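Scroll down for the structure; my scribbles are underneath it.
The values are calculated or read from the model by the stated rules, or taken from the named source; none is laboratory data. Only a predicted model underlies this, so the values are computations on that prediction, with no experimental measurement involved. All Cβ positions, glycine included, derive from the backbone under ideal geometry; neighbour counts span all protein chains shown. SASA here: full protein model, heavy atoms, side chains in, ligands and nucleic acids out. Shrake-Rupley method; radii C 1.70, N 1.55, O 1.52, S 1.80 Å.
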Amino acid sequence: MKTNECLRAARQGAVLVSPAISKGEKAIMRAAFEKGLPLVYLQENGFTDLAKPNGMRMDACARGQLLILAPWEHHNEKITIKRGQCLELNEMAKAICEG
């Protein structure tokens, strides 16, 4: 199972990097988050000037477990992510992993 493979890699020092777009990616990232494993999450919606994560995400950021990156400006509208944006986010994740 891919989730177990990714969790095993994270336990051995890998940092999981994903925009968590597909159901499978979301499941892997959620499982890793719940186990306290290191993650980089790429989100479509940017941050406001004084934005900060809330709840468990804030705690995870404070512990150094979670880094949230947003390549685009913040928007208030509820917008469905476009295929092109998904592809760009996946390319960014790939670049982070290869860099």
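A few remarks follow.
- Assuming charge only on the beta carbon of Lys and Arg (+1) and of Asp and Glu (-1), the dipole of the chain about its Cα centre is about 440 debye to the nearest 20.
- Over segment 16-99: Rg over Rh, Cα atoms, Kirkwood Rh: 0.95
- For the chain, the membrane-span-like helix rule (DSSP H, alpha carbon extent of at least 18 Å along the helix axis, mean Kyte-Doolittle at least -1.0) picks out 83-98; this says nothing about an actual membrane.
- Residues whose placed amide H lies under 5 Å from that of Ile68, excluding near-sequence neighbours: Tyr41
- Accessible surface ranking that places the most exposed of Thr3, Thr80 first, with a 1.4 angstrom probe: Thr80, Thr3
- Area of Ile79 that stays accessible when all protein chains are in place (1.4 Å probe, Å², to 10): 70
- Long-range HN-HN contacts of Val17 with modeled amide H, under 5 Å: Val40
- Accessible carbon and sulfur surface of the chain relative to its total accessible area, %, 1.4 Å: 53
- Among Glu25, Glu88, the sequence by solvent-accessible area, most first, with a 1.4 Å probe is Glu88, Glu25.
- Sparse-neighbour loop sites [chymotrypsin sites (Phe, Trp or Tyr not before Pro); the chain; at most 16 other C-beta within 10 Å; DSSP]: Phe47, Trp72
- Coil-residue trypsin sites (Lys or Arg not before Pro) of segment 11-99, DSSP, other Cβ within 10 Å capped at 11: Lys35, Lys78, Lys82
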